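Just below is one structure, and these are the notes that go with it.
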Amino acid sequence: MIDSLILQQGSGWRAQAEVFDEIFFVFLALGTLVGTIVVAYTLWNVYKYRDDGSEPKEDFDAPEVGELPTGQGGPKAKKLFLSFGLSAIVVISLVVYAYGILLYVEEGPDADGDNIEITVEGYQYGWDYEYPNGHTETGELIVPADTRIDIAVTSRDVWHNFGSSELRIKSDAIPGDTNTNWFSVSSEEVQAQGGEATYMVECFELCGPGHSAMNGQITVIPQDEWETWYEGTGGNSSNVEGGASVNGAANLNGAAVGGVSA
């Protein structure tokens, strides 16, 4: 496995959102640089070899339609192979870089036993979260900062898709099947949001008339605060506003949206 060194930050590791942001920046920056060079070189050749009405020089080797400038090792051949060589280096480098960094996203970092495994169950039209101690939350997933959160996503009725655009996570929720994913949020990000970071959860699979209201929330709090909260759960269940009521009908800000019984 290709282990990208840029993913490591001291004793910690990168969140998925940071990794995808980096990939986007690298491709954008490199694409802009290469595009600028190619366009500038093209415009320079357009100006240099423009038809000004004068007679061409005797040593001018004009290209012909369908000609591949590879013969005799002349300047045209050198330019051709130089451009091919540089293009190959850029493309291969990007493939190796992207492959290594996406393997990290696929498999996740080594959490050394400090990860938390949570079951996510979708239903029409909400989300249930079950913690390792048996405690369940509806509508809101509360997790600690600086911790790898492993999620096992499934569904109790129809196909759904659990995802958060801000965290760059997305997993199919299929009845009778389980898909795994992971995410993490740094304590710096939590502090930047005032001590509690919140991220919107949506269903990205059309699942019925209440699909558009099938929203939830991921709340990230400091590790010590989360441990205090978790110790007090005692395996009890909790419903939050914006989740689902006992009979399975979705609620948004306390208003029923119309669903089916779970």
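Points worth noting:
- Within region 132-149, the presence of a residue that is more than 24 Å from THR233 (Cα to Cα) and of a type in the set (D, E, K, R) is excluded.
- Note on region 165-176: among residues that are crowded, with 21+ Cβ neighbours inside 10 Å and not small (Gly, Ala, Ser), the one that is nearest to ASP150 (Cα to Cα) is ILE169.
- Each residue in region 204-221 was checked for being open to solvent by 20 Å² or more (accessible area, probe 1.4 Å) and among the aliphatic types (A, V, I, L, M), and 1 of them qualify.
- Considered as a group, the residues in region 177-203 that are touching a Ser or Thr at 6+ places or on another chain (Cβ under 7 Å) and of a type in the set (A, V, I, L, M) include one that is surrounded by the most Cβ atoms within 10 Å (Cβ to Cβ), and that residue is VAL201.
- Meets criteria (modelled with pLDDT of 85 or more and either farther than 30 Å from ASP224 by Cα or among the small types (Gly, Ala, Ser) (or both)) for GLY163: yes
The values are calculated or read from the model by the stated rules, or taken from the named source; none is laboratory data. Quantities reported herein were computed from a predicted structural model and do not represent experimental measurements. Don't worry about glycine lacking a Cβ; one is built from the backbone with ideal geometry, like all the others, and counts go over all protein chains shown. Side chains included, ligands, DNA and RNA excluded: accessible areas come from the protein's heavy atoms. Shrake-Rupley method; radii C 1.70, N 1.55, O 1.52, S 1.80 Å.
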